[in-house]
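To keep things clear, I will list the structure first and then write my remarks on it.
Every read-out reported here was derived from the displayed coordinates using simple, explicitly stated rules and does not represent laboratory data. Because the structure is predicted, anything quoted here is derived from the model rather than measured. Cβ coordinates were reconstructed from backbone atoms using ideal geometry, including for glycine residues, and neighbour counts include every protein chain displayed.
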Amino acid sequence: MPAKIEIGPARAADAQVLAEMSRRLVEVGLPWSWTPARITRHLAHAESLVLSARAGEQVAGFAIMHFGEEVAHLNLLAVDTQYQRRGIGQRLLAWLEESAVTAGVFLICLEVRSRNPSAIRFYRNRGYQEAGRLPRYYSGREDAIRMTRDLRHPESRRTVLPAPSAAASGTLAGADWILTKFKR
Ligand SMILES: CC(C)(COP(=O)(O)OP(=O)(O)OC[C@H]1O[C@@H](n2cnc3c(N)ncnc32)[C@H](O)[C@@H]1OP(=O)(O)O)[C@@H](O)C(=O)NCCC(=O)NCCS
């Protein structure tokens, strides 16, 4: 397994791999909604940011965020099982949060499956608060927990990332890129 993880914008050619990861890691037991075509649309959309974390040519994790005028919606975040608990998820999330701040959007919103306590804990530990329950949100089969984080709150920005290690050395080098992409 390559030691170095590189985080950055995903490639158009990644759509199939990301969609399969969504089905395997996020949408288990639900109809497949994050299809390659849907991910391709986000990859091309001016107001979406699709990140990948790569271990060599392999995609270890990815995240998709859609930027509205006032709210950024975290659509998907997933790290492949063999790469979990190495800091990749929090680095992807931190990159998206920095991008939101750079774009002038301070409220992040997401939905997570109610039967996914480890993901709920992951977000809670990063300053996200539960903002409600959406009954049968997922194909009428499972509730969602809505979580939000207001990046203007100093309390909520206290996340401390682990020092970059050989295991996850992605940097927050996206600011220039995001300024170009989301210039208003
Ligand atoms: C939720 C998810 C994205 C987290 O990704 P991850 O890469 O494992 O997350 P991280 O490694 O950054 O952090 C996970 C935990 O491992 C810890 N950790 C990070 N590096 C570590 C290391 N080297 N050794 C031990 N623990 C470590 C983190 O502190 C964190 O613990 P905490 O939440 O109690 O603070 C991942 O588990 C996943 O893809 N799950 C399936 C899909 C899913 O549920 N997605 C979210 C809903 S869309």
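See the values below:
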read-out: Net charge of Cβ neighbours under 15 Å - reference GLU57; Lys, Arg +1; Asp, Glu -1; value: 0
read-out: For TYR137, residues with placed amide H under 5 Å, excluding near neighbours; value: GLU142, ASP143, ALA144
read-out: Cα shape, region 1-55, gyration tensor, a/c 1.5 rule; value: oblate
